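Novice: The following block contains the structure, expressed as structure tokens.
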Amino acid sequence: MKYLIPLVIVFLIYVIIENFFILTVRREIFVKNGLRIAHIADIHKKRYGKGNKRLCGKVRSENPDIILISGDLVSRDCTDFSRAETTLRSLAEICPVYLVYGNHEQDLSEEYKNKLKEAVKRSGAVLLENKTVRLDINGNKVSLSGLVLKYSVYKKDGHYRNLDVTDKAEITESIGEASDGKNILLVHNPLFAEDYAQWGADYAVCGHVHGGSVVIPFTRIGVLSPERKFFPKYSKGVYTVGKMKLLLSGGLGKPRLFNFPELVIYEI
């Protein structure tokens, strides 16, 4: 019993440190003269210094070619987007920034969704709302598509049961056919990875799952998904799905355990 209180104190200190530390994770899928991507996911309400200065400094030190934000930059109850705008502006000074909506942005009222769009535009970042851009960076020619899934794949009729799904045909209807050459799909939800691969994505860049919130120590096995389901199929890391690589970040926001907030750097 005399050791219980010190152990509890140590545990609480660990949890506090873990939740405010940013782990930089480098995942390399080797290609000569490859494309260096900084992936930011699921910030929500988390602050890493004023205007997320600490996060932006870490991104700058990695010297990426592009920055991809896979949704949930803000939370559904946000009404002031000044911090998001400041963060995006600081990131856009480093290199081009592209983002998609997550389910929290989709859940905003039209009034606040329009305010967020205006903030994104002022920042210099680019919102890919079912759009595709062609990029030529360091001789790497790729198509980058931002897919916004229907909200009912996240929550339907006020609960998490009997959720809708998506498929290749629905993806094609939203963003068109996959282009010739390399295709990067930026989309919030990783749970439809097989459909992204069938559509023609070479890489799908996702977040949403928060690494499973609680990770079993010494593994990458996440315990809980936002859909209130245990042991989601994908939690964080790089997965091979058919001919596609699923690049899944554990994210930066929301409470977590044995699951450090992460900034992910890919060499693809």
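The values are calculated or read from the model by the stated rules, or taken from the named source; none is laboratory data. Everything quoted here is computed from the prediction, not taken from an experiment. FYI the Cβ positions are ideal-geometry reconstructions off the backbone, even for glycines, and counts take in every protein chain you see. With ligands, DNA and RNA removed, areas are computed over all heavy atoms of the protein, side chains included. Shrake-Rupley method; radii C 1.70, N 1.55, O 1.52, S 1.80 Å.
Novice: For each pair in LYS113/LYS141; LYS46/LYS245; LYS156/LYS233, compute the distance between the two Cα atoms and list the pairs where it is over 26 Å. Walk me through the intermediate numbers first.
Specialist: Details: LYS113/LYS141 32 Å; LYS46/LYS245 28 Å; LYS156/LYS233 21 Å.
Too far apart for the 26 Å limit: LYS113/LYS141; LYS46/LYS245.
Novice: Classify region 146-268: rounded, prolate or oblate, from the alpha-carbon gyration tensor (a ≥ b ≥ c, eigenvalue square roots; a/c under 1.5 rounded; otherwise prolate if a/b is larger than b/c)? Could the numbers behind the result be given before it?
Specialist: Working: a/c = 2.19, a/b = 1.27, b/c = 1.73.
Oblate, since a/c reaches 1.5 and b/c is not below a/b.
Novice: Determine the gain in length on full extension of the stretch ILE137-LYS45; use 0.36 nm per residue of separation and subtract their C-alpha separation, reporting nm with one decimal. Intermediate values should be presented prior to the final figure.
Specialist: Details: separation 92, 0.36 × 92 = 33.12 nm, distance 3.20 nm.
Extra length available between ILE137 and LYS45 comes to 29.9 nm.
Novice: Roll a 1.4 Å probe over the protein heavy atoms and report the accessible area of LYS233 in Å², nearest 10.
Specialist: 140
Novice: Tally Lys and Arg at +1 and Asp and Glu at -1 over the other residues with C-beta under 11 Å from the C-beta of GLN198: what net charge comes out?
Specialist: Numbers: positive: LYS168, LYS243; negative: ASP167, GLU194, ASP195.
So the environment of GLN198 carries a net charge of -1.
Novice: LEU23 label point, 7 Å along Cα→Cβ, cut-off 13 Å on backbone N: hits in region 240-258?
Specialist: It comes to 249-252, 256-258, nothing else.
Novice: May I pose another question? Over every pair of different alpha-carbon atoms in region 184-241, take the mean of 1/r and invert it; report that Kirkwood radius in Å. List each step's numbers first, then the result.
Specialist: On the way: mean 1/r = 0.0850 Å⁻¹.
In region 184-241 this quantity evaluates to 11.8 Å.
Novice: Where does region 18-78 land on Rg(C-alpha)/(2.2 N^0.38 Å)?
Specialist: Numbers: Rg = 13.1 Å, N = 61, 2.2 N^0.38 = 10.5 Å.
Here the answer is 1.25, to two decimals.
Novice: Gain in length, ILE16 to ILE216, computed as 0.36 nm per residue apart minus the alpha-carbon separation, to one decimal in nm? Kindly include the intermediate steps, with their values, before the conclusion.
Specialist: Details: separation 200, 0.36 × 200 = 72.00 nm, distance 1.79 nm.
That works out to 70.2 nm of additional length.
Novice: While we're on this one: How large is the charge dipole for the chain, taken about the Cα centre, if only the Cβ atoms of Lys, Arg (+1) and Asp, Glu (-1) carry charge, to the nearest 20 debye?
Specialist: Details: 39 positive and 30 negative charges, 196 e Å.
Dipole size: approximately 940 debye.
Novice: Among DSSP beta bridges lying fully in the chain, give the percent that are antiparallel, nearest 5. If you can, show how the numbers build up before the last one.
Specialist: Working: 19 of 48 bridges.
Close to 40 percent.
Novice: Less than 22 Å apart at the alpha-carbon level, and either on another chain or at least 8 residues along: which lysines does that give for LYS50?
Specialist: LYS58, LYS115, LYS117, LYS121, LYS254
Novice: Work out how much length LEU257 to LYS168 would gain on full extension: take 0.36 nm times their residue separation and subtract the Cα-Cα distance, in nm to one decimal.
Specialist: 28.5 nm
Novice: What are the ³J(HN,Hα) couplings of region 232-237, residue after residue, when phi is run through the Karplus curve with 6.51, -1.76, 1.60 and θ = phi - 60°? Round to Hz, x for glycine and proline.
Specialist: Karplus-based 3J(HN,Hα) across region 232-237 equals x, 4, 10, 10, 6, x Hz.
Novice: Based on alpha-carbon atoms only, what is the radius of gyration of region 85-229 relative to the globular estimate 2.2 N^0.38 Å? If you can, show how the numbers build up before the last one.
Specialist: Working: Rg = 16.4 Å, N = 145, 2.2 N^0.38 = 14.6 Å.
This ratio for region 85-229 stands at 1.12.
Novice: Which percent of the accessible area of the chain is formed by carbon and sulfur heavy atoms (probe 1.4 angstrom)? Present the calculation step by step, with values, prior to reporting the outcome.
Specialist: Details: 7310 of 13070 Å².
Heavy-atom surface of the chain belonging to carbon and sulfur, 1.4 Å probe: 56 percent.
Novice: Next question, about the same structure. Which FRET efficiency value, to the nearest 0.05, do you get for TYR160 and GLU93 by plugging their Cβ-Cβ distance into 1/(1 + (r/R0)^6) with R0 = 51 Å? The partial results should precede the final answer.
Specialist: Working: r = 39 Å, r/R0 = 0.76.
The calculated FRET efficiency here is 0.85.
Novice: Considering only ALA201, ASN189, PHE260, whose Cα is most displaced toward the positive end of the charge dipole of region 162-268, charges sitting on Cβ of Lys, Arg (+1) and Asp, Glu (-1)?
Specialist: PHE260
Novice: Another question, then. Between ALA119, GLY176, LEU149, whose Cα lies farthest towards the positive end of the dipole of region 112-268 when Lys and Arg beta carbons carry +1 and Asp and Glu beta carbons carry -1, centred on the Cα centre?
Specialist: ALA119
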